[in-house]
Each structure stands twice: as structure tokens, then as C-alpha cells.
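Engineer: My questions all concern the structure below.
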Number of protein chains: 2
Amino acid sequence: MAPVRNGRHLFNEVPTGYPVPGKTTVYDGSQTIDPDTVPLNGGFLLKTLVLSIDPYMRGKMRDPKVESYSPPFLIGKPLENFGVGVVIRSENPAVKAGDHLYGIFPFQEYFVETDPKKYRVLENKEKLPWSVYVGAAGMPGQTAYYAWKEYSAAKKGETVFVTAGAGPVGSFVIQLAKLDGLKVIASAGSEDKVEFIKKLGADVAFNYKTTNTREVLKKEGGIDIYWDNVGGETLEAALDAAHPEARFIECGMISAYNATEPYGVKNLMLVVAKQISMYGFLVFRLGQKYEEEFYRVIPAKLASGELKYSEDVTKGLEDVGEAILSVQKGTNKGKKVILVAEE
Amino acid sequence: MAPVRNGRHLFNEVPTGYPVPGKTTVYDGSQTIDPDTVPLNGGFLLKTLVLSIDPYMRGKMRDPKVESYSPPFLIGKPLENFGVGVVIRSENPAVKAGDHLYGIFPFQEYFVETDPKKYRVLENKEKLPWSVYVGAAGMPGQTAYYAWKEYSAAKKGETVFVTAGAGPVGSFVIQLAKLDGLKVIASAGSEDKVEFIKKLGADVAFNYKTTNTREVLKKEGGIDIYWDNVGGETLEAALDAAHPEARFIECGMISAYNATEPYGVKNLMLVVAKQISMYGFLVFRLGQKYEEEFYRVIPAKLASGELKYSEDVTKGLEDVGEAILSVQKGTNKGKKVILVAEE
């Protein structure tokens, strides 16, 4: 086989505010690779099939001197995030050609890797599209599943408020909450997303851009659980609407990711007065406890349609910058995935 | 016995900002009572010995239309808080003359009560001063003991930061943390208080009015547990200094109680990024689990000197207003108690 293009999408510049496609990140199609002959040195060659675009990636677009929970992207190097790829060749007995691996991938069409422990071999008995394994059956689904199990202490008849309810995490949480017999209030930023949320079974769905969150929560009689994907003023409204002993699951604060002046939350005294527990968490912390259960239970429920999901696919590595921006602005129409290659 | 004065300290006006002695609350010495003849109607007559002055009382000085965890004081009625009194006469078989009762008392020298279930009969085998039963052996000590047990998940060698470290709750927490083998950083607002904190065994004690909290926490290498009595900017500094998986015990936010413009906490995204758990709590919520253990263990340790405490006694109901203000401003010299009467 002759050398083929090995396209990459590189981190190029730390953004101020929202990332700028073609400036913050750039596509580079200048490299080539010969999949038949590239030396493996005891490792294995992966062909990238799908890559995930997630809100938390904004936090990795930072000055590397700033410490945070996830390592920064490096200027001039490919972006990295969850992906699925197929093994083309292998010199490591732990993986074989044709295996599908899930884990952290560089934004690159082909790459040689040496450590199979960094990946999970996907069985996919259910024949789900591989893209689902970076969404509902991957990190976002795990985020929802693990933290709901660990922190919600959900009791039938309680009320939960889910922000970013049409996103891959929020949409999963809504369905878990309905399975547990809760009343679900969920918000999103467009009428299309609100329609999707209603299809998931939410009892109350609203567009936070046209409807006042605070008024909805008050009218609905308050909340027992808050699933926070946004932070800021919405967190303040949720504190005001919380019942005593409410649980706040702090999954993300997208309102702060692109803000140059972060919003100050003024009513934290309610954490004391209402005896609220707030749980910040990162999905990997809970993996040991719930991962095997997740892969045993969830792909089958997704395949049968018992659990619903929604995808917004971008084809090719060229448009990764636009995909990232759409997720930060919330203009995506479902879980954002990059389809890098068909098999 | 002839009628005697039955002095009271009344709530008079909702304060804006700090309470104003003689205006927010007023002393009334015009009533009398005859302890020998006052009708009991099946109840019992209590003579108030000591009353507690606590920071949370500020929250009860509000417009009764504002809902909160603790009922508001009523204008023209006596203040209420934890106290100890002695039974003078009783028509209820559950209590007898000479019993000492602990519970919520009106700020009044004598009163007839009907429900013995509202009080705990204190044995006091240790012969502690009754005032200790509204401090280290009462609600503030219980606050420290219950929440430290329930939420700290303290591990030997970890570091805790305790604010209001010279107060009745903070000083108790410092000692519990040292017993658990932790490094203790504690702050207070005067040099006298810092000296007291050092005597309690804190490894690092500082005056937050003259030393920068943020710099101390950084220099000491960060924190695993934060005992929050103050909120606001100090909470922000603690979030910045927190290690991953830190526990924040949210006991109070005195910086907000008298503020007309509450401070906005801008770095709550760190709750997610550092996987912090924040626990808001009220002491009564945990009583069922820990109360009997507390009374079995703590008074003896206080009597033996194994646990230390400090008191600042005001004699008589006349100066309750000044006592309340001193606790809000932090100018008191120890647990503030009102000595209403000797036995």
C-alpha cells in the first residue's frame, strides 16, 4: 500500500473567550503514513474512526502553566479526546488487527501506540454505531450513570432539575431520573432541543433563553436534586429553589468556561440554611466502582431503544474547530462527534 | 414569697446590617411574677440560669415573611435561644423541682412551660458550670462533634483549615482534628484569639485581619478539609487552596449575615475540577445519630481538661444587645453566655 494522508487537527493558540476555528486550532493535512510498513516497535497501529467533542475540552485550551484536573493541550500538537479506532496491525499480543479500542485518541487519522492498558477493547455485541461509544455508551453516558448512582439519593416522587438537558449527559440523566420515578424539569437553549427533551419524557421542558428559569422552578414547587452543567446564575436560581437536604450534582459549569469575568454566586449561605450537599466529581474517579456494570447494562438498553440518544456528526478532521465552537455555544443538535473514517 | 421582677429582653426592630443594642432589641424590667403562686396548669416553672448567644441568631432577626431554617424572632416578644434553667415547681411527673433542663429558652428570668419533651434533663455528674452546657457541652460543641464525625472523612496526616478558630465551634473542631492526627491551620480576628488557638494545639494560627489567608494556605501546601464559619472571600481562598477530593463543611457564613450586599463567590468551578464535596448542615439534623454518644463522652473530657473551652460571660439580661453585637463583630473573648441568675 502506498503512503496515505495522515491528517491531524492541531492546537495552535490559547483562546481568550470562545475558541476561534482556524486560529485556536488548525487542520494540517501535510503528513503521510504507510500503514503497511510504519514501524510498530512492539506496539500497534490504530486507525481513528470517531472522535468525541466535549465541553470540558475548553479547559484544556489553556496556558500549560495553569494547573487543572486535565492536562493542557500542547501548542503545535494534535488535540486529544475520547475516540474509537480499529487496530490495523499489532505486535503486542494484548490487541489484534480488527480489534476496536476506546480511549483517549490524538486528533489524527493514524497513530502507533504502545500501551494497550490505555484502551478498552469494545465487544459491541449490540452492533451499535461506533460513535455511540464516545457518547451515550462512552464518557458522557458514564458521567450521567456513575454520578446519578453515587450522589442523587433519588427517591420516587422527588423533583430533579437538569440543565443542558438535550446534551449527551443531561439527556441521559433525564431518562435515569424518569426510570427512578422522579418529576423531571429540564432546560436547553433552543426549541429543537426542548422538543427532544420532551421526547425523553421530561415532565417540564423549557428554553432558558426565552423562559425565566427562576420562575419555572418556583412555579413547579422547588427541587430536590439539581444536575448542574452550567453554573453561574442558574446555580443561584437552583439554590433559591432547593428544598431542605437537596443534592447538587456539580458536573460542569459551561457558563464559566468562556467567561473572561466569572459570575459570583451570592447566595451560598443557602447551602448551610437548606442543608444542601454539593458534589463535584470527575467521571474517572467513579469508574472503578461502576464501569463494568455500565458496559454490561447500557449498550443493550441503547440498542433496544429503552434509552434514547441523539447525535450531531461532523465528517472529517478539517471542521473540528467549528465542532468545538458549536459545543461551547450550544448550537450543536446532539452529541457532537467527528466521523474520521468509515471502516 | 412576694412577687419578684421577671426581666425580659425583647426583639424590637429588624436591623439593617449590624444589630443595634437598645434599638434592635430592648430590655424590659416592668413585669413581675410570684414563683410560689403562679398557676402551672399541669406544667412547670423554670428559672433561667444561663442563655447562649450564637452567631445564627442574626438570621432570626428578620422580617417574618422571609422563610428560613429557623423561625424568626417576633417583634415585642422575648428573644429565644439555648439555655439552662432549674425547675422551681412542677405539676408534670416528667420533671421535678431541682431538675436542670437544657433546651430553647425565652430571654426571660422565669417562665411556665408545659412540654417537658422540649428539654433534656442534665445530669451533670461532672459538676461543670451550667454555662458549659450551652457551649462546649451544648449546641456549639454538638455542631463541631456531629459534623466532624459525619462529614470530615479525616485521615491522619491531612490538613484542615478552620475559620473562627477561637469560637466555640471552631475551637472544638481544632481539638477534634488534632485528636485525629491532622495538621491544623486556624484563623481568628485578634491576637488574643490567636494565642488561644495556639494553646488548643493548632499547628498554624493567624490573625486574618493582619495576615493574608490566601498566602498562608498556599505556603502551608493547601488543604484537605475546610471548616467554613465565614463564607465569602475566605471560602474563595479555600477553594483555591483545596486539594483534589477536599471536603468543605459548611457550618456558617458570618461574613454574609450582616452584609447588605452579599459577596459573590467566583471560583465554584473548582468544586467540579477538584472533585470537592460541600456539606451544608444544621446541627439538629444529626442529633438523632450522635446526641447520646456526645453526652456520654464530652462532658467528662471537658471536666478533665482533655478538651479545652473558653467563655465570655455577660451578667444579667440588660446587656444582651451588646452581647449579640459582640458575637456578630467577633469582639467577644470566648463563647458568649448570659449569666441570668446564680442558683
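The values are calculated or read from the model by the stated rules, or taken from the named source; none is laboratory data. All of these numbers come straight from a predicted model, not from anything done at the bench. With ideal geometry, Cβ positions are generated from the backbone for all residues, glycine too; neighbour counts draw on all protein chains shown.
Engineer: Do any residues in the stretch B:191-204 that are free of Cβ contacts under 8 Å to residues at least 40 places away in the same chain and farther than 14 Å from B:V173 by Cα have Cβ atoms under 9 Å from those of residues that are loosely packed, with under 15 Cβ neighbours inside 10 Å and among the polar types (S, T, N, Q), where the two are at least six apart or on different chains, and which pairs are they?
Structural biologist: Matching pairs, first to second residue: B:E191/B:T210.
Engineer: When you scan the stretch A:86-105, do you find a residue that is touching a residue at least 12 places away in the same chain (Cβ under 8 Å) and closer than 29 Å to A:Y208 by Cβ, even just one?
Structural biologist: Just the residues of the stretch A:86-105 that are touching a residue at least 12 places away in the same chain (Cβ under 8 Å), to begin with: A:86-92, A:94-95, A:98-105.
Going one step further and asking which of them are closer than 29 Å to A:Y208 by Cβ, we end up with none.
No, every residue in the stretch A:86-105 fails to be touching a residue at least 12 places away in the same chain (Cβ under 8 Å) and closer than 29 Å to A:Y208 by Cβ.
Engineer: If you check A:Y119 against the conditions, is it over 18 Å from A:K335 (Cα atoms) and touching a Pro at 6+ places or on another chain (Cβ under 7 Å)? Steps first, answer last, please.
Structural biologist: On the way: over 18 Å from A:K335 (Cα atoms): yes; touching a Pro at 6+ places or on another chain (Cβ under 7 Å): no.
When the stated conditions are applied, A:Y119 does not pass them.
Engineer: Within the stretch B:175-190, is even one residue surrounded by 24 or more Cβ atoms within 10 Å (Cβ to Cβ) and within 21 Å of A:M278 (Cβ to Cβ)? Show your work before the answer.
Structural biologist: The initial filter retains those residues of the stretch B:175-190 that are surrounded by 24 or more Cβ atoms within 10 Å (Cβ to Cβ), namely B:177, B:184-188.
With the extra rule that they be within 21 Å of A:M278 (Cβ to Cβ), the set shrinks to none.
Checking the stretch B:175-190: not a single residue is surrounded by 24 or more Cβ atoms within 10 Å (Cβ to Cβ) and within 21 Å of A:M278 (Cβ to Cβ).
Engineer: With of a type in the set (G, A, S), in a helix (DSSP H, G or I) and in contact with a strand residue (DSSP E or B) (Cβ under 8 Å, 6 or more places away or on another chain) as the only criterion, which of B:A202, B:A177 stands out? Spell out how you get there, then give the answer.
Structural biologist: Working: B:A202 fails: in a helix (DSSP H, G or I).
So the residue among B:A202, B:A177 that is of a type in the set (G, A, S), in a helix (DSSP H, G or I) and in contact with a strand residue (DSSP E or B) (Cβ under 8 Å, 6 or more places away or on another chain) is B:A177.
Engineer: Can you work out which of the residues in the stretch A:212-236 that are more than 24 Å from the chain's Cα centre (by Cα) and under 23 Å from A:Y257 (Cα atoms) is nearest to the other protein chains (Cβ to nearest Cβ)? Give the derivation first.
Structural biologist: Of all residues in the stretch A:212-236, those more than 24 Å from the chain's Cα centre (by Cα) come to A:212, A:214-224.
Of the ones still in play, those that are also under 23 Å from A:Y257 (Cα atoms) are A:212, A:214.
Details: A:N212: 20, A:R214: 16 Å.
Residue satisfying both the conditions and the ranking: A:R214.
Engineer: Select the helices (runs of 4 or more DSSP H) contained entirely in the stretch B:249-343, then report the ones holding at least 1 residues which are within 14 Å of chain A (Cβ to nearest Cβ) and in contact with a Lys or Arg (Cβ under 7 Å, 6 or more places away or on another chain). Before you say what the answer is, go through the steps one by one.
Structural biologist: Numbers: elements: B:254-257, B:269-273, B:283-304, B:320-329.
Of the helices (runs of 4 or more DSSP H) lying wholly inside the stretch B:249-343, those with at least 1 residues that are within 14 Å of chain A (Cβ to nearest Cβ) and in contact with a Lys or Arg (Cβ under 7 Å, 6 or more places away or on another chain) span B:254-257.
Engineer: What are the residues in the stretch B:284-343 that are basic (K, R), closer than 23 Å to B:L200 by Cβ and touching a Phe, Trp or Tyr at 6+ places or on another chain (Cβ under 8 Å), if any?
Structural biologist: Within the stretch B:284-343, B:K329, B:K335 qualify.
Engineer: Are there any pairs with C-beta distances below 6 angstrom linking a residue in the stretch B:259-282 that is closer than 14 Å to A:D228 by Cα to a residue that is β-branched (V, I, T) and not in a loop (DSSP other than H, G, I, E, B), with the two at least 6 apart or on different chains, and if so which?
Structural biologist: From the stretch B:259-282, the pairs are B:L268/A:V265.
Engineer: Among the candidates A:V216, A:V184, A:V160, single out the residue that is in a helix (DSSP H, G or I) and either in contact with a Lys or Arg (Cβ under 7 Å, 6 or more places away or on another chain) or outside the structural domain of A:S52 (by the TED database) (or both). Working first, answer last.
Structural biologist: Details: A:V184 fails: in a helix (DSSP H, G or I); A:V160 fails: in a helix (DSSP H, G or I).
From the options A:V216, A:V184, A:V160, the qualifying one is A:V216.
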